[in-house]
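Values quoted throughout were computed directly from the atomic coordinates according to the rules given, and no laboratory measurement underlies them. Since the structure is predicted, the reported quantities are computational estimates derived from the model, not experimental observations. Neighbour counts are summed over all protein chains in view; Cβ atoms, including those assigned to glycine, are modelled from backbone coordinates with ideal geometry.
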Amino acid sequence: MRLALFGFGNVGRALCRMLLHTRVPFQVTALATRSHGAVVDGFGIDLTLILAGTDLPLRVAPPMASLPADVLVEMKPLDPITGEPALSYIRDGLTAGMHVVTANKGPIARAYRELEALATRQGRMLRFEATLADCPTAAGVPFEDALAEAQRLGIAEADPRNDLDGHDAAAKATILANVLMDADLVPEDIAREPIDERAAKAARAAAGNGDRVRPLIEIARRDGRVVASFGPRRLSPLDPLFAVDDFSMGLVFETDLAGRVVVQLHDPHVDQVAYAILTDLLEISGTMPRP
């Protein structure tokens, strides 16, 4: 299965290392970066050379429809509010007859219904597991220290406002609500409380009393409609999310029949995001006809 990789940052590099070191039926035939150009080779690109930092021969990638690829893997930097330029790349990839895997939340939060309908019309798959595979958390430490550590680890961006103002979380909440609960929300529908020095102060006070403050997305169905919010919340030791430490994250389902179900992803970093992309690719490859 031939892959066109759009984006070659930390996640893209981690994915390429996985492709090199695992026995998977994929071949990268196109690669496009934001700052270093592009390369296209229908016989397959030598990822070892690319990872070593070799120059790329093209200034920009050719039109999507001309790429020798079966799947677009979209990992480009983007504006999380508009979802661009990733949203246009995904549209172009599906229109060109490719399956699409994306690691970007913005397009799925903004245009999930449209993109899923386009994929269905084209007989292709749209997958986005990696859009929910990263999450910063807060503990009772100085705010600037916690932010600097999150940036060092690559969880928070160099410009952290999308994380701290809740735009990133609002996109995730929109995806969860629309995909799992059949809502029709946009990120502006999500009530947001910022993570700032006030949240850090509350976290320190909570820690002194044996509690913890965690940034939480809450989604519920009320009066026949789905509502969602994001903000720092104080949790007691009996809460199932109390023990979610560092960069781990948890998901709590309140179900009608099975009661409360809790799932935890322990300490996800860039490799876990790349692995989420790889699992989407493996799912797609399982649907493709064999020669």
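Write down the Å³ per residue value for the convex hull defined by the alpha carbon atoms of the chain. Working shown, then result.
Details: hull volume 42.9 nm³, N = 291.
In the chain, the Cα convex hull volume per residue is 148 Å³.
So how tilted is helix 270-285 from the main axis of the chain? Cα-based, degrees 0 to 90, rounded to 10.
The angle comes out at about 50 degrees.
By how many degrees, between 0 and 90 and to the nearest 10, does the Cα long axis of helix 197-208 differ from the longest principal axis of the chain?
With rounding to tens, the tilt is 60 degrees.
Dipole of segment 175-218, Cα-centred, from +1 at each Lys and Arg C-beta and -1 at each Asp and Glu C-beta, to the nearest 20 debye?
Values: 6 positive and 9 negative charges, 96 e Å.
It comes to approximately 460 debye.
Write down the percent of antiparallel bridges among all DSSP beta bridges whose residues are both part of the chain, to the nearest 5. Display every interim value, and only then the final one.
Values: 21 of 38 bridges.
About 55 percent, rounded to the nearest 5.
Could you check which residue among 126, 31, 257 shows the biggest mean-square fluctuation in a GNM of the chain with a 10 Å Cα cutoff?
Comparing 126, 31, 257 in the GNM, the peak value goes to 257.
Under a 10 Å cutoff between Cα atoms, tell me which one of 209, 162, 104 has the largest fluctuation in the Gaussian network model of the chain.
209
With each run of n ≥ 4 DSSP H residues scored as -39500 (n - 2.57), what mean residue ellipticity at 222 nm is computed for the chain after dividing by its residue count and rounding to the nearest 500 deg cm²/dmol?
Values: 9 runs with 101 residues, N = 291.
Only helices count here, giving -10500 deg cm²/dmol.
Which length gain, in nm to one decimal place, applies between residue 51 and residue 21 when the Cα-Cα distance is subtracted from 0.36 nm times their residue separation? Before the final figure, lay out the partial values.
On the way: separation 30, 0.36 × 30 = 10.80 nm, distance 1.30 nm.
Gain in length upon complete extension: 9.5 nm.
Rounded, prolate or oblate: which fits segment 1-77, taking a ≥ b ≥ c as square roots of the Cα gyration tensor eigenvalues, rounded meaning a/c under 1.5, else prolate when a/b beats b/c?
Numbers: a/c = 1.43, a/b = 1.12, b/c = 1.27.
Rounded.
Under the definition of Cα pairs under 8 Å and six or more residues apart, what whole-number percent is the relative contact order of segment 143-267? Before the final figure, lay out the partial values.
Numbers: 172 pairs, mean separation 22.5, N = 125.
It rounds to 18 percent for segment 143-267.
List every residue whose amide H lies under 5 Å from the amide H of residue 213, counting only residues 5 or more places away in sequence or on a different chain, with H placed 1.01 Å from N in the peptide plane.
So residue 213 has HN proximity to 235.
Against the longest principal axis of the chain, how steep is helix 105-122, in degrees 0 to 90 to the nearest 10, with axes from Cα atoms?
Between helix and principal axis, roughly 40 degrees.
Go ahead and collect, in residue order, the members of segment 84-112 whose backbone nitrogen is under 17 Å from a label point 7 Å along the Cα-Cβ direction of residue 65.
88-99
About the Cα centre of the chain, how large is the charge dipole given +1 on each Lys and Arg Cβ and -1 on each Asp and Glu Cβ? Please answer in debye to the nearest 20.
It comes to approximately 460 debye.
Return the long-range amide H neighbours of residue 104 (sequence gap of 5 or more, or a different chain), with a cut-off of under 5 Å between placed amide H atoms.
Counting only residues 5 or more places away or on other chains, the set is empty.
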